[in-house]
């Protein structure tokens, strides 16, 4: 017969084992490299680099659309030297959208390959692309196949210049919902295309990011650590991205899952914009770092 005392004792030990095990997984995720995305600062790339370095992140993700490529196109080594001075690695370059319109295929491949050369010369490794969802019509099975094939071709070309193409599934893209992400990846060659897994976009698209980290463990080269909440409470509707721990993504569970799979590559914290009036991008970065530190991530 199991007495109440023995039951409570066993339950307490089980709970402790779960907590210790989960903490251990998160601690193992501390082996990953943690960077920060400059998107929060908009076009103020120099300030973003200064602030991200000052807060203590190890790397930075820049965006071609914010002028990073244009400003340093003639002298990418200047950007490499600046980042080295700030002790920041060039983790990822957001290269922009990848249209699957056949009429634009040559343009797309040339644009992103050119950005890959810049990234390589500036000391970076991962080129992020987001596919464009077809407008004014439903997505077809051929769209998924074409996206996967185009990503593969781009991945081959960027590999030739020493850069890895990572596919960023995204809201309002062909790869928005979990089944759509799967369909795109099924059509891509994993040797030439890697996955940038975004825990908030996957959640907003209707998926379970913790389960997906385990599912796509052989695909993931970069993770976006990100949180999202509904705007319904303010009466505005829709959703908005917020600092880690302020939304409905199980960020702690995602960190634990990354620990389980032994993830040791780039995890980049991303916040599109500061949602609270009066808060600076740097202050948001500090909040995000505090969250990660509290969950066992070392910097």
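Bear in mind that the values in this text are calculations on the coordinates, not laboratory data. None of the values given here were measured: they were computed from a predicted structure. Backbone-built Cβ (ideal geometry, glycine too); neighbour counts: all protein chains shown.
Can you pull out every residue in region 149-179 that is assigned to a helix (DSSP H, G or I) and buried (at least 21 other Cβ atoms within 10 Å of the Cβ)?
Of the residues in region 149-179, the ones assigned to a helix (DSSP H, G or I) are 149-160, 178-179.
If the condition is that a residue be assigned to a helix (DSSP H, G or I) and buried (at least 21 other Cβ atoms within 10 Å of the Cβ), then 150, 151, 154, 155, 158 are the ones that fit.
When region 186-203 is examined, which residues are found to be touching a strand residue (DSSP E or B) at 6+ places or on another chain (Cβ under 8 Å) and surrounded by 21 or more Cβ atoms within 10 Å (Cβ to Cβ)?
Initially, region 186-203 is screened for residues touching a strand residue (DSSP E or B) at 6+ places or on another chain (Cβ under 8 Å), giving 188, 192-201, 203.
The answer is 188, 193, 194, 195, 196, 197, 198, 199, 200, 201, 203.
Name the residues in region 128-148 that are in a helix (DSSP H, G or I), buried (at least 17 other Cβ atoms within 10 Å of the Cβ) and over 22 Å from the mean Cα position of the chain (by Cα), would you? Show your work before the answer.
The initial filter retains those residues of region 128-148 that are in a helix (DSSP H, G or I), namely 141-148.
Add one more test, that the residue is buried (at least 17 other Cβ atoms within 10 Å of the Cβ), and what stays is 143-144, 146-148.
Once the filter is applied, which keeps residues that are in a helix (DSSP H, G or I), buried (at least 17 other Cβ atoms within 10 Å of the Cβ) and over 22 Å from the mean Cα position of the chain (by Cα), region 128-148 yields 143, 146.
Taking region 180-194 only, how many residues are in contact (Cβ under 8 Å) with a residue 40 or more places away in the chain and assigned to a helix (DSSP H, G or I)?
Here the count works out to 4.
Across region 209-220, what is the total count of residues that are part of a loop (DSSP other than H, G, I, E, B), out of contact with any strand residue (DSSP E or B) (no Cβ under 8 Å at 6 or more places or on another chain) and either surrounded by 17 or more Cβ atoms within 10 Å (Cβ to Cβ) or without any contact (Cβ under 8 Å) to a residue 40 or more places away in the chain (or both)? Outline the logic, then answer.
Looking only at region 209-220, we keep the residues that are part of a loop (DSSP other than H, G, I, E, B), and these are 216-219.
Filter again for out of contact with any strand residue (DSSP E or B) (no Cβ under 8 Å at 6 or more places or on another chain), leaving 217-218.
Applying the additional criterion that residues be either surrounded by 17 or more Cβ atoms within 10 Å (Cβ to Cβ) or without any contact (Cβ under 8 Å) to a residue 40 or more places away in the chain (or both) yields 218.
Adding up the residues that qualify gives 1.
Which fully enclosed strands (runs of 3 or more DSSP E) of region 221-299 have 3 or more residues being under 17 Å from residue 31 (Cα atoms) and within 15 Å of the chain's Cα centre (by Cα)?
Values: elements: 227-230, 239-242, 266-269.
Fully inside region 221-299 and qualifying: 266-269.
Of all residues in region 195-208, count the ones that are within 13 Å of residue 257 (Cα to Cα) and either in contact (Cβ under 8 Å) with a residue 60 or more places away in the chain or not in a loop (DSSP other than H, G, I, E, B) (or both).
Within region 195-208, residues that are within 13 Å of residue 257 (Cα to Cα) and either in contact (Cβ under 8 Å) with a residue 60 or more places away in the chain or not in a loop (DSSP other than H, G, I, E, B) (or both) number 2.
If we keep just the residues of region 55-100 that are more than 19 Å from residue 37 (Cβ to Cβ) and without any contact (Cβ under 8 Å) to a residue 12 or more places away in the chain, which is surrounded by the fewest Cβ atoms within 10 Å (Cβ to Cβ)?
Among those that are more than 19 Å from residue 37 (Cβ to Cβ) and without any contact (Cβ under 8 Å) to a residue 12 or more places away in the chain, it is 74.
For region 236-262, how many residues are surrounded by fewer than 22 Cβ atoms within 10 Å (Cβ to Cβ) and closer than 10 Å to residue 213 by Cβ?
3
If we scan region 167-174, do we find a residue that is closer than 16 Å to residue 32 by Cβ and touching a strand residue (DSSP E or B) at 6+ places or on another chain (Cβ under 7 Å)?
no
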